[in-house]
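Input: a single structure, listed below in structure tokens.
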Amino acid sequence: MTERAPGRQHEPAGKRRVVRLVDIASAVGVHASTVSRVLNGEVGHSLRPETVERILAEARARGYRPNALARALRHHRTGALTFVVPMVRNPIWVRLQRGALLRAAERGYVVMIMEEPMEDPKPPGAYGYLVTESRADGLLLATALRTGGPEPDEALSAVPHVYVNRRGPDQGNDVVMDEAGAVRLFLDHVAGLGHRSVLLIDGRREVDTVYRRAAATRRHCAALGLTAVIRHTDATEAGGFAAIRRLLAAGPLPTAIGVGSIEQVFGVLAALRDARVAVPGAVSLVSLDEDESLAYLDVPVTSVSMPLAELGAAAVDALIARIDGAGGSDVVIGEPMSLVSRGSVGPPPAEPGLS
């Protein structure tokens, strides 16, 4: 038998002593009402900064958590945001969501995740009920499609919302990444190695990120004097596989291939392997999504690393600004962005008859 060390008594399993405002007030030497004002963000000019800091430090040390229901009733807020995303199996959404979750926690919010099938996205206004029924204070929408000059969604206009990694129908609420910058990194890299023909395999053309990557590919290839081929297919392993099979049946492939999603990368590699097309000997391959798994494939895949966590954090900040009535404008997150060089890119193959 072991003896329990003297000192603090152990709390019964599953129970935890509730930290009260009077406990914090007693430790700091102020009135409980002063503690309440500080913890609810109602600090006026009458309180000295060092007093505020002492209260906050004592609250953190004691693990104080405010009563969320009482705060919601007082401020007419739920303290929750809803994040509507497409396929959560895509690794990029993990990084994006993590950035959003961490920033939301810093700002005193929780985030609810809703998944929608990529094949059948609902219009943004379909989620407005979550705010009007007081289930959330605002919406982070990552399922908006680009449909060619859409009208603003009247059902959503009065609801605090931002579009994440997509441009929505109403301007001023978009928080996106610099897709054109990512395409330039890819194209400048392969052009610098001597490639003159480029293939972009990407998802459905109606998806806003895909639309912007395809447009940037055409523009930058024209500026560099490169030949560009663009193919749209499902953003899945099967989509990437089928796209390469169809292209191989039609003739030789361009020597540099950019791929829009990691799922498509796996399908593209499988199709090239089945056709005995060497990477990077015959073609070079770059993923426009980054994930650590790409370093552990038979051919480690070069990729463009995007500011996904920063995008998620910026989207939360933008949404809270709209919840607070501050409004805002469209935001483009361009940094940090870099090319992660691995083994899937090399010079183009020499033309027959040249030495």
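State the number of residues belonging to region 200-253 that are part of a helix (DSSP H, G or I), among the charged types (D, E, K, R) and touching a Leu at 6+ places or on another chain (Cβ under 8 Å).
Step one: filter region 200-253 for residues part of a helix (DSSP H, G or I), giving 208-224, 237-250.
Keeping just the survivors that are among the charged types (D, E, K, R) gives 208, 212-213, 218-219, 237, 245-246.
Restricting the remaining residues to those that are touching a Leu at 6+ places or on another chain (Cβ under 8 Å) gives 208, 213.
Residues flagged as part of a helix (DSSP H, G or I), among the charged types (D, E, K, R) and touching a Leu at 6+ places or on another chain (Cβ under 8 Å) within region 200-253 amount to 2.
Going through Leu56, Leu69 one at a time, which residue ends up being modelled with pLDDT under 85 and either assigned to a loop (DSSP other than H, G, I, E, B) or open to solvent by less than 70 Å² (accessible area, probe 1.4 Å) (or both)?
Matching residue, one of Leu56, Leu69: Leu56.
Might you let me know whether region 75-91 holds any residue that is of a type in the set (Lys, Arg), at negative phi, at pLDDT 85 or above and surrounded by fewer than 15 Cβ atoms within 10 Å (Cβ to Cβ)?
First, pick out the residues of region 75-91 that are of a type in the set (Lys, Arg): 77, 89.
Next cut, at negative phi only: 77, 89.
Remaining after also requiring at pLDDT 85 or above: none.
Within region 75-91 (the criterion being of a type in the set (Lys, Arg), at negative phi, at pLDDT 85 or above and surrounded by fewer than 15 Cβ atoms within 10 Å (Cβ to Cβ)), the answer is no, since none of the residues qualifies.
When you scan region 170-193, how many residues do you find that are assigned to a loop (DSSP other than H, G, I, E, B) and open to solvent by 30 Å² or more (accessible area, probe 1.4 Å)?
Taking region 170-193 first, the residues assigned to a loop (DSSP other than H, G, I, E, B) are 170-173, 178, 193.
Now narrow it down to the ones that are open to solvent by 30 Å² or more (accessible area, probe 1.4 Å): 171, 178, 193.
Number of matching residues: 3.
Against the conditions (1) of a type outside the set (S, T, N, Q); (2) in contact with a strand residue (DSSP E or B) (Cβ under 6 Å, 6 or more places away or on another chain); (3) within 18 Å of Arg77 (Cα to Cα); (4) modelled with pLDDT under 85, where does Met112 fall short? Just the number, please.
Of everything listed in (1) of a type outside the set (S, T, N, Q); (2) in contact with a strand residue (DSSP E or B) (Cβ under 6 Å, 6 or more places away or on another chain); (3) within 18 Å of Arg77 (Cα to Cα); (4) modelled with pLDDT under 85, Met112 misses just condition (4).
Starting from residues that are part of a loop (DSSP other than H, G, I, E, B) and modelled with pLDDT of 85 or more, keep the ones in region 1-53 and report whichever is least open to solvent (accessible area, probe 1.4 Å).
Val30
Can you find even one residue in region 257-274 that is open to solvent by 30 Å² or more (accessible area, probe 1.4 Å) and over 27 Å from Met87 (Cα atoms)?
Within region 257-274, one or more residues are open to solvent by 30 Å² or more (accessible area, probe 1.4 Å) and over 27 Å from Met87 (Cα atoms).
So the check is Cβ under 7 Å with 6+ separation or different chains; which pairs have a first residue in region 277-306 that's without any contact (Cβ under 8 Å) to a residue 24 or more places away in the chain and a second one that's part of a strand (DSSP E or B)?
Correct list of pairs: empty, since none qualify.
Tell me, yes or no, whether region 216-237 has at least one residue that is modelled with pLDDT under 95, under 23 Å from the mean Cα position of the chain (by Cα) and of a type in the set (A, V, I, L, M).
Within region 216-237, one or more residues are modelled with pLDDT under 95, under 23 Å from the mean Cα position of the chain (by Cα) and of a type in the set (A, V, I, L, M).
Among the numbered conditions (1) among the aliphatic types (A, V, I, L, M); (2) in contact with a Phe, Trp or Tyr (Cβ under 8 Å, 6 or more places away or on another chain); (3) under 30 Å from Arg77 (Cα atoms), tell me where Leu311 comes up short.
(2)
Looking only at residues that are polar (S, T, N, Q) and at pLDDT 95 or above in region 294-341, which one is most open to solvent (accessible area, probe 1.4 Å)?
Applying the filter and picking the extreme gives Ser341.
The values are calculated or read from the model by the stated rules, or taken from the named source; none is laboratory data. What you see is a predicted model; the values in this text were computed from it and never measured. Note: ideal-geometry Cβ built from the backbone for every residue, glycine included; neighbour counts use all protein chains shown. These area figures cover heavy atoms from the full protein model, side chains too; ligands, DNA and RNA do not enter into them. Shrake-Rupley method; radii C 1.70, N 1.55, O 1.52, S 1.80 Å.
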